[in-house]
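Report on the structure given below.
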């Protein structure tokens, strides 16, 4: 987010908080949820939203693959795997 502040000197903490809330909605939308919730279209915060969405989607996909892989060991296979490490 540091880069976003540096690129836009008028960016405020309040705008960042608003952008982070929009990022949560944007991630949900990628998976077909939050269709009626609005996301800001303010140009100055789009970088923050994308900065959050990209790794969020990447992480979700990584976890999804792990759940799928470990579910082959039973209906709670993923839980049995992660409880050792998390």
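What follows draws every value from the coordinates through simple rules; no lab data is involved. Model, not experiment: these values are computed from the prediction. All Cβ positions, even for glycine, are placed from backbone atoms using ideal geometry, and neighbour counts span all protein chains on display.
In the stretch 57-82, the residues that are in contact (Cβ under 8 Å) with a residue 24 or more places away in the chain form Cβ pairs under 8 Å with partners that are outside any loop (DSSP other than H, G, I, E, B), at six or more places apart or across chains, as follows: 57/27; 57/30; 60/27. Regarding the stretch 25-40, can at least one residue be identified that is closer than 17 Å to residue 5 by Cα, surrounded by 14 or more Cβ atoms within 10 Å (Cβ to Cβ) and in contact with a helix residue (DSSP H, G or I) (Cβ under 8 Å, 6 or more places away or on another chain)? No - not one qualifying residue is present in the stretch 25-40.
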